[in-house]
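The values are calculated or read from the model by the stated rules, or taken from the named source; none is laboratory data. All of these numbers come straight from a predicted model, not from anything done at the bench. Every residue, glycine among them, receives a Cβ derived from its backbone with ideal geometry; neighbour counts consider all protein chains shown.
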Amino acid sequence: MTRYILNRVLVAIPTLLLVTIFVFMLQKLLPGDPILVLAGEDRDPETIAMLREQYRMNDPLIWQYLYWLGDVMRGDLGTSLRTGLPVTELIAQKLPVTIQLAVMSMIFAMVIGIPAGVMSAVKKGTFWDYLANIIALSGLSVPNFWLGIMLILLVSVNLGWLPASGYESPWVDPVRSFQTMLMPSIVLGTALAATLMRHTRSSMLGVLQADYVRTARAKGLREKTVIRRHAFRNALLPVITLSAVMFGELLAGAVLTEQIFTIPGFGKMVVDAVFNRDYAVVQGVVLVTATGFILINLLADILYVLLNPRMRAAI
Amino acid sequence: MSDAVIATPAAPVVAPRRKNRAWEKLKRNRSAMVGGIFVLFFVLLAVLAPVLPIPNPAATDWAKIRLSPNAEHWLGTDEIGRDILSRMIWGARASLMAGVVSVMIALAVGVPLGVLAGYFGGWTDQIIARATDALLAMPFLILAIALAAFLGPSLTNAMIAIGLSAVPVFVRLTRGQVMSVKTEDHVEGARAIGLGHLRIMSRYILPNVFPPILVQATLTIATAIIAEASLSFLGLGQQPPAPSWGSMLATAKNFLSQAPWMAIWPGAAIFLVVMGFNLLGDGLRDALDPKET
Amino acid sequence: MHIKTFMATLLTTAAFGGMAAAQDLRIGLNEDPDFLDPAQSRTFVSSLVYESLCNRLFNTNTDMEIIPELATEWDWSDDGLTLVLQLREGVVHHDGTPFNADSARRVLERNMTLPQSSRRSELTSIEGVEATGEHELTITLNAPDVTLLAQLAHHAGRMYSPDAAEPAAERFGQAPVCTGPYQFAERVEGDRIVLTKFDDHWEADEYHYDRVIYQPIPDTTVRLANVRSGDLDIIERTAPSDVPQIQGDDLLQLFEIANIGYQGMTINVGNGPRSEGPLGSDARVRQALSLSIDREALNQVVFEGQYVPGNQWAAPGTTWYDERDPLPARDVERARELLAEAGVDTPFAIEMQVGNSPVAMQQAQVVQAMAAEAGFDINLRATEFATLLSENAAGNFDMSQQGWSGRIDPDANVHPFVSCEGGNNDQKYCNEQVDALLAQARAEPDPEARKALYDQTREILAEELPIIYLYHIKYFFAMRQGIEGFEPYADGIIRLRGVSG
């Protein structure tokens, strides 16, 4: 058992190292001179020379990588080339925003997706099943930036119900925070709701045919009780596991949503940074996201083994 | 099934028969057919664009800026007086091309790597698998944005960027399939009678990993079309005056309240075509699934 | 039922949410400022924040003439090598330390010596700075430089507390300490910069808000939606296409003012092999291109007629505009003739480099369509801003769509772009006569004589056309009704002195 976990952790290390190399290379590959962007409209030659020196642009690539890796190991992700603010501080500022968006989207997706999936499975083959499937498929097919634009057009521009953009921390003003995040989380949560619905449906269909459900039915329990007590609970387990993994993808999916609604989160920061060639920020954000993703997967793997007796026996 | 293969190792695998059965199943799947019709409709539009009686999609008219839909311009005109209908039709080419070409790139790179990793195992596998893990850990769209920025904004480069970003998915899928197929009896048999690696791979492994890859490819076309639209929306895809649905949306966003139609059509088109590919992909999955009858 | 009421309440609060805190002023910016250290700032937009945060030695009035701010009087020596400033008394920094000649000297010295400073080349003419009295600052120059006052009215003259800045070194921008009417409270990158009222400011009575919150919202539509919904009070740089809509909105007021910069096309006339084609080597081809463009129509189509069509670096009707060279009418016939004279086969293919923003693309496509009628086949190469800059600097362009935000001293609007060694001269245009004229103008204190020199330069440039000037933008400010005392300035900077409501 311990050996299995140890093995998983050991495999994660080279993966992480490869991530750092990719992240670093990715930025070095970007065309355009970040220094010229930084130097501003006036492009003072002295400023340009100073900046090149300061950001070690004159050193060989491998040294640039090692310097960077050394700093990363010490928890220093450098400072933004554009604002001079430390990248770790920027991430600390932005991460909660994106997490809030992801959590709200997740809640939206679960509230819509799971009941719809259950209903669709219970009423398999009826009109409601078809309807739910069509809606789910639409949710998967709609480009979420377009959905965002349409919502802004309808709800903000025409009806004036919700702010078109902006962000407020829930600790400062919970109501406004909820208002500004409502549309973005619907946009981001739509595809997820669709995925959850489809998984819940198939998981539920599987459980409904399982022996213990048949037994429960045979015992003469009411169908509603059977579904609620026996089927639903068991069907939910794989869905919850899936949700955990999806959470990581939500963080990534926030890129365009944040761009559309001008939400100062992770995704907007990384896109802005790519366009401004703010290397330090791009590297920091991608590194943190990728590391988080690998860790979540590692945890999920381990949990899966710990919780699943059959798997435990196999190892 | 596998017995027959072992008996006559040189004979082609049973794939053809199964394919026919799959086709029968697909034909009976109504939603897959609807999806197919959506896709076919847009493919026809894209192919026929040059011969359809529509205005030049790049022809500007200063006197007809941002006209709402009317008899002459069914879908209205855009910010410099071009006909939106004709830009939509020509834009279908960019979107479909982007979807198909980028998936072909992903297949061309991903499948061989996956086969190599799965078939040979060992260090080859370790290296490919770790690199795939590392790439998969990076958000797809961020990877595509960075690559597209690196290559410079153009439709071709957007397709390359999306294709490369989708590679890890195919590597992982192929690798898994190959690993499960290679332990099957008929492959072991082929190896026992001393067939070469290349021959085993092309004759026995590839046909068997093909169905799930086909399903994944169809679904990835849908993802790629959205990704292309996203990149064009950010200014990293198709360049003007050539039309693309994503860049039309990017422009439209500046005129949301004055000319909402500019934003509605391209989004709706993306929606329909992506829906078509998703329906088709779902149908294929059901049809090719050996477990279901 | 409950949920319905809850939702309704939420949505109603949303509509009126902006009115909650009356003492806050929320300003929507077009971009996120960069460093908040006056020594390191490199963008225009940071000036908008500085105007509330840090006073400067000199300000400008609505005519863009230099007026006193922290320097109350100034005096040039006859040889133009010494500048004596009398500084305002009774001014304190946000950290309580007094502002005086010594602190001002330390600020200027930091601007000139900090390794990360972007001010150094702006202040190269300064030989030394000395506090010659409690509130008297003497600046000695190594050569006459009439542009120095303008520099001291920009980032270089923004005063801050040296006691805070020196220990913080290059990290000063994370928590700037200045003398302005508002002090730094908080910054969330890409989201907001919050300033709070500084009660010990020398003009505290003139500033009527408790807090000023700057929020960068790059999307013009979204920015407008926010001021319409009351989530913002003032927005800057509204898109011209939105202007009619704002004018029709009873809840909003609109202010506009012509900018002092220009927009145009830079043509590669001397930067590497790409300059050797007919476009770069034959002025007639460039003249043909210029004649093929209908500047009025361009303005109508792309900017709803809201901007100012132009043909010089100064906008028509402004001080430095040469009236002898009015806006040229479009002349496709003449353009065709010029191309024929130059012996160019039409359609003549050239490439134009363009930033990939929707408005830049729209403008480029209109130019493309217009020039096509005269025989030009313009291919557009859209690049991101970062790539555009490096491609321009490397000479990888035939022509490039570019602009300049403008400076109050005319020298800064022409010298960097057309003098042989100019820092922004990407096209590597070089004409000794132009260089001589510009150098002369730089040292000429008499405005009229100076104008004559610029007019002479203009004549040469109009003939050789290294830059084809197309139009001048206007700054539009939209704000909710009820805000009083606002006045637009041609430099685009929002001044909150006397603004209330």
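Couple of notes before you dig in:
- Among the candidates C:G482, C:G492, C:G501, residue that is surrounded by fewer than 19 Cβ atoms within 10 Å (Cβ to Cβ), touching an Asp or Glu at 6+ places or on another chain (Cβ under 8 Å) and of a type outside the set (S, T, N, Q): C:G501
Residue-by-condition table, conditions (1) at pLDDT below 90; (2) out of contact with any helix residue (DSSP H, G or I) (no Cβ under 8 Å at 6 or more places or on another chain); (3) under 30 Å from A:A290 (Cα atoms):
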{"residue": "B:S95", "(1), (2), (3)": "no, no, yes"}
{"residue": "B:V109", "(1), (2), (3)": "no, no, yes"}
{"residue": "B:G122", "(1), (2), (3)": "yes, yes, yes"}
{"residue": "B:A137", "(1), (2), (3)": "yes, no, yes"}
{"residue": "B:I142", "(1), (2), (3)": "yes, no, yes"}
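- Positions within region C:357-378 being at pLDDT below 90 and closer than 20 Å to C:N268 by Cβ, in sequence order: C:A360
- Restricted to region A:132-237, the set of helices (runs of 4 or more DSSP H) holding at least 1 residues that are more than 19 Å from A:F108 (Cα to Cα) and of a type in the set (G, A, S) comprises A:174-208, A:211-218.
- Hey, C:D200 away from chain A (no Cβ under 14 Å), in a helix (DSSP H, G or I) and surrounded by fewer than 18 Cβ atoms within 10 Å (Cβ to Cβ) or not: no
- Verdict on B:T60 being surrounded by 21 or more Cβ atoms within 10 Å (Cβ to Cβ) and either among the polar types (S, T, N, Q) or at pLDDT below 90 (or both): yes
- Residues that are more than 8 Å from every other protein chain (Cβ to nearest Cβ) and more than 19 Å from the chain's Cα centre (by Cα) within region A:134-157 comprise A:I134, A:I135, A:A136, A:L151, A:L154, A:V155, listed in sequence order.
- When B:L195, B:L219, B:L272 are screened for being surrounded by fewer than 22 Cβ atoms within 10 Å (Cβ to Cβ), out of contact with any Cys (no Cβ under 8 Å at 6 or more places or on another chain), more than 10 Å from chain A (Cβ to nearest Cβ) and not β-branched (V, I, T), only B:L195 passes.
- From the list B:I145, B:I225, the one residue that fits, being away from chain C (no Cβ under 14 Å) and under 30 Å from C:A360 (Cβ atoms), is B:I225.
- Filter result (within 13 Å of chain C (Cβ to nearest Cβ) and under 25 Å from A:T180 (Cα atoms)) within region A:43-99: A:E89, A:L90, A:I91, A:A92, A:Q93, A:K94, A:L95, A:P96, A:V97, A:T98
- The condition (being small (G, A, S) and either away from every other protein chain (no Cβ under 14 Å) or in a helix (DSSP H, G or I) (or both)) is satisfied by just one residue among C:S46, C:S41: C:S46.
- Filtered residue count, region B:242-269, keeping only those that are more than 8 Å from chain A (Cβ to nearest Cβ) and assigned to a loop (DSSP other than H, G, I, E, B): 5
- Checking B:N157 against (1) over 27 Å from the mean Cα position of the chain (by Cα); (2) surrounded by fewer than 22 Cβ atoms within 10 Å (Cβ to Cβ), the condition it does not meet: (1)
- C:R223 passes every criterion in (1) over 30 Å from C:G90 (Cα atoms); (2) part of a loop (DSSP other than H, G, I, E, B) apart from (2).
- Looking only at region C:223-261, and only at residues there that are in contact with a helix residue (DSSP H, G or I) (Cβ under 7 Å, 6 or more places away or on another chain) and at the interface with another protein chain (Cβ under 7 Å from one of its Cβ atoms), the one that is nearest to C:I193 (Cα to Cα): C:D231
- The residue that is surrounded by the fewest Cβ atoms within 10 Å (Cβ to Cβ), among those in region C:353-381 that are of a type outside the set (G, A, S) and closer than 17 Å to B:F233 by Cα, is C:V359.
- Residues (over 30 Å from C:S405 (Cβ atoms) and part of a loop (DSSP other than H, G, I, E, B)) located in region C:308-352: C:D331, C:A342, C:G343, C:V344, C:D345, C:T346, C:P347
- Which numbered condition C:Y50 misses (of (1) modelled with pLDDT under 95; (2) aromatic (F, W, Y); (3) within 17 Å of C:R187 (Cα to Cα)): (1)
- Any hit, region A:164-180, residues being of a type outside the set (D, E, K, R), within 14 Å of chain B (Cβ to nearest Cβ) and buried (at least 20 other Cβ atoms within 10 Å of the Cβ): yes
- Among residues of region A:272-293 that are over 21 Å from C:E31 (Cα atoms) and modelled with pLDDT of 85 or more, those with a beta-carbon under 8 Å from a residue that is part of a helix (DSSP H, G or I) and polar (S, T, N, Q) at least six positions away or on a different chain give the pairs A:G284/A:T88; A:L287/A:T20.
- Across region C:152-160, not a single residue is classified as surrounded by fewer than 19 Cβ atoms within 10 Å (Cβ to Cβ) and within 25 Å of the chain's Cα centre (by Cα).
- Considering region C:353-464, the qualifying helices (runs of 4 or more DSSP H), each wholly inside and each with 3 or more residues that are touching a residue at least 60 places away in the same chain (Cβ under 8 Å), run over C:358-372, C:411-418, C:447-464.
- Summed over region B:219-269, the residues that are farther than 19 Å from B:A49 by Cα and of a type in the set (S, T, N, Q) give a count of 8.
- The single condition among (1) exposed (fewer than 14 other Cβ atoms within 10 Å of the Cβ); (2) in contact with a strand residue (DSSP E or B) (Cβ under 8 Å, 6 or more places away or on another chain) that C:D345 does not meet is (2).
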